[in-house]
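> Handing you this structure, nothing more for now.
FYI, it's all coordinate maths here, none of it is from the lab. Given the structure is predicted, the values throughout are model-derived calculations rather than measurements. Quick reminder, even Gly has a Cβ in these numbers, built from the backbone with ideal geometry, and neighbours come from all protein chains shown.
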Ligand SMILES: Nc1ncnc2c1ncn2[C@@H]1O[C@H](COP(=O)(O)OP(=O)(O)OP(=O)(O)O)[C@@H](O)[C@H]1O
Ligand SMILES: [Mg+2]
């Protein structure tokens with residue numbers, strides 16, 4: 001995709017390093033993400049994928065290197081700061097409050113209020129439910145029980161709620177750490193199709209997976225990490241499973 | 001007319017949820033179980049009372065008043081406890097914080113009464129009790145949020161500290177209050193409704209508002225279900241936990257002040273037997289001790305269930321020790337209903 005290579009990168013990581021004492025979890029790593037592009041991160045267990053996205057999303061302070069957002073250097077001391085700049089991270093677990101509705105989860109920590117009887121501030125549950133319905137509709141999930149706690153929904157549906165939250169708050173970069181792990185095949189498909197929609201909406205996606213089939217189904221490029229260093233970068237259209245596996249295990 | 005047995009036709013996006021659109025009747029029963037218990041108990045005592053003495057139980061206004069008065073102090077502790085339990089914690093220090101507050105209310109009312117008019121002295125006493133009660137609440141909150149001490153242990157420590165402080169402050173005895181206004185507050189009525197019950201009712205409505213309609217309440221539920229999710233959503237967990245334990249301690253503070261008004265004396269042991277009743281009221285009211293669920297009105301029903309059992313058994317002349325057994329059974333049945341409801345309603349079950 002030549003047109004894409006010319007667009008300015010949304011996110012650029014330059015020579016990023018993260019050391020835990022003597023462990024060099026990430027070393028001199030560079031990559032870019034452009035608007036409407038899905039970049040897969042692959043690598044063996046312990047290769048440094050999670051460390052990389054935590055360094056990008058403000059969970060860890062990088063030991064060295066820089067992060068540029070639309071060309072501007074940024075540094076986040078908390079995930080909250082990264083989120084305010086439009087970088088949303090979606091974790092497989094631990095992302096939702098199970099006892100709350102979809103709307104309440106989308107608005108968790110930023111709940112809209114209204115005035116009851118003209119003076120009493122109360123949670124605006126109706127606004128939350130309406131936004132939930134619209135957002136989930138945009139992701140082609142049509143939910144009838146907007147007041148049900150999300151514990152009633154399946155793994156893929158819950159993943160969709162987490163993605164819906166990022167979409168509602170207009171995240172421009174979505175980072176997903178193994179979003180399809182622990183999902184059944186139909187649910188994996190659903191998440192993959194969600195990622196296609198995010199791409200169509202012009203957002204940038206960083207997608208971590210151990211499943212090469214998923215990676216080939218959804219990504220534009222693949223970046224392979226091996227023991228904290230970039231072992232290679234390929235366009236999906238110009239590579240195959242064998243080559244990627246070789247990059248991962250090294251040769 | 002479209003055929004119902006169509007094999008082709010237009011594509012319809014699948015429903016994203018597979019739960020029942022209507023809530024099942026068992027879920028409704030489980031939600032309102034505390035109120036059903038209450039109704040059942042009242043009917044039992046009514047029948048018993050009519051058969052044994054040929055007198056009414058619940059239609060006797062004196063009985064209703066007594067039960068309501070009886071429920072005031074445990075309910076005040078239980079409202080604070082409801083917030084704490086929903087957040088996934090527990091506050092064991094509430095009983096002695098209430099005792100401490102009762103002693104402070106008595107001393108402060110007496111001292112202020114020497115300098116300012118009695119009604120103002122009464123208000124000063126109540127205020128002092130609530131503020132002093134906030135101090136152990138701050139310490140609980142800091143221990144749990146900053147030093148990461150488990151709530152059970154942190155508040156157990158504060159249980160001892162508040163207990164000792166209360167007895168020291170009371171000089172080992174009860175502290176009588178010399179203030180006619182304070183006594184009136186504790187024992188007076190308006191159109192047959194005791195002032196204590198009115199104050200408690202208003203307080204409970206305010207707490208219901210805070211829990212169900214504010215961000216503080218919403219975050220409390222989220223933290224109880226999943227602290228990590230709440231923290232990732234940007235909620236200030238430490239600040240929340242601190243405010244939470246101050247709130248519950250201040251509920252106990254109000255309970256102590258109203259105790260001092262009712263008995264026109266402050267006593268360190270005022271809340272000692274009420275701590276476990278407060279936890280029981282929350283659980284009977286439908287909250288889970290694992291956090292994440294519960295309501296204030298459920299807790300109100302729970303507190304009334306306990307008060308009706310305690311008062312009713314005395315009324316029908318049963319040995320008082322049966323109270324413990326009856327309350328214990330209600331707690332167990334209540335938790336069983338909760339589990340049954342989870343199993344049948346299609347909600348996610350524990351493994
Ligand atoms: N908080 C930490 N403190 C110390 N070392 C860490 C920490 N987090 C990760 N590491 C180390 O960094 C290296 C990379 O770990 P990381 O979790 O990034 O791997 P990963 O590629 O996400 O692996 P997986 O596929 O298993 O999720 C590992 O050697 C790990 O032990
Ligand atoms: Mg990982």
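> When each pair of different Cα atoms in region A:19-249 is counted once in the 1/r mean, what is the Kirkwood radius in angstroms, to one decimal?
Details: mean 1/r = 0.0536 Å⁻¹.
For region A:19-249, the Kirkwood estimate is 18.7 Å.
> When a/c reaches 1.5 or more, the comparison of a/b and b/c decides; with that in mind, is region A:73-138 rounded, prolate or oblate per its Cα gyration tensor?
On the way: a/c = 2.24, a/b = 1.57, b/c = 1.43.
Prolate is the answer for region A:73-138, as a/c is 1.5 or above and a/b outweighs b/c.
> How large is the translational diffusion coefficient of region B:93-239 in µm² per second when you combine the Kirkwood radius over alpha carbon pairs with Stokes-Einstein at 10 °C and 1.306 mPa s?
Numbers: Rh = 17.6 Å.
Translational diffusion coefficient: 90 µm²/s.
> A further question on this structure: When DSSP assigns beta bridges and you keep just the ones with both residues in chain A, what percent turn out antiparallel, to the nearest 5? Write down the numbers at each step before the final one.
Working: 25 of 43 bridges.
Once the DSSP bridges in chain A are tallied, antiparallel ones form about 60 percent.
> Tell me what the protein assembly as shown gives for mean residue ellipticity at 222 nm when only DSSP H runs of n ≥ 4 count, each as -39,500 (n - 2.57), the sum divided by the residue total, rounded to 500 deg cm²/dmol.
Working: 23 runs with 331 residues, N = 602.
It comes out at -18000 deg cm²/dmol, rounded to the nearest 500.
> Roughly how tilted is helix B:237-263, in degrees to the nearest 10 and between 0 and 90, from the longest Cα axis of chain B?
50
> Report, to the nearest 10°, how far helix B:33-53 tilts away from the longest principal axis of the Cα atoms in chain B, using its own Cα long axis and a range of 0 to 90°.
Around 60 degrees separate the two axes.
> For the protein assembly as shown, just run the numbers: alpha carbon Rg, then divide by 2.2 N^0.38 Å, N being how many residues it has. It would help to have the intermediate numbers written out before the result.
Working: Rg = 29.6 Å, N = 602, 2.2 N^0.38 = 25.0 Å.
Output field value: 1.18.
> Take the alpha carbon atoms of region A:185-251, find their center, do the same for region B:37-67, and report the distance between the two centers in whole angstrom.
After rounding, the separation between the Cα centres reads 70 Å.
> Using only Cα atoms, tell me the angle between helix B:296-315 and the longest principal axis of chain B; keep it within 0 to 90° and round to the nearest 10.
Taking Cα atoms only, the helix is inclined about 60 degrees.
> Gain in length, residue B:127 to residue B:148, computed as 0.36 nm per residue apart minus the alpha-carbon separation, to one decimal in nm? Don't jump to the answer; show the numbers that get you there.
On the way: separation 21, 0.36 × 21 = 7.56 nm, distance 3.04 nm.
Between residue B:127 and residue B:148, full extension yields 4.5 nm more.
> Quick one: work out the % antiparallel among DSSP beta bridges in the protein assembly as shown, nearest 5. If you can, show how the numbers build up before the last one.
Details: 29 of 48 bridges.
So the antiparallel bridges amount to about 60 percent of the total.
> When chain B is modelled as a GNM with alpha-carbon springs shorter than 10 Å, which of B:219, B:191, B:240 fluctuates the most?
B:191
> Quick one: grab the alpha carbon gyration tensor of chain B, order the square roots of its eigenvalues as a ≥ b ≥ c, and give me rounded if a/c is under 1.5, else prolate or oblate depending on whether a/b is larger than b/c. Before the final figure, lay out the partial values.
Details: a/c = 2.27, a/b = 1.42, b/c = 1.59.
Because a/c hits 1.5 or more and a/b fails to exceed b/c, chain B counts as oblate.
> Please give the residues of region A:17-33, grouped as numeric ranges, whose backbone N is less than 16 Å from a label point set 7 Å along the Cα-to-Cβ vector of residue A:75.
Only A:17-19 fall inside the zone, counting backbone N under 16 Å.
> Oh, and also: Would you work out if region B:44-165 is rounded, prolate or oblate? Take a ≥ b ≥ c from the square roots of the eigenvalues of the alpha-carbon gyration tensor; rounded if a/c is under 1.5, else prolate when a/b is larger than b/c, oblate otherwise.
Details: a/c = 3.28, a/b = 1.37, b/c = 2.40.
Because a/c hits 1.5 or more and a/b fails to exceed b/c, region B:44-165 counts as oblate.
> Looking at region A:105-251 only, what percent of DSSP beta bridges run antiparallel? Nearest 5 please. Kindly include the intermediate steps, with their values, before the conclusion.
On the way: 10 of 15 bridges.
Taking every DSSP beta bridge with both residues in region A:105-251, the antiparallel ones total about 65 percent.
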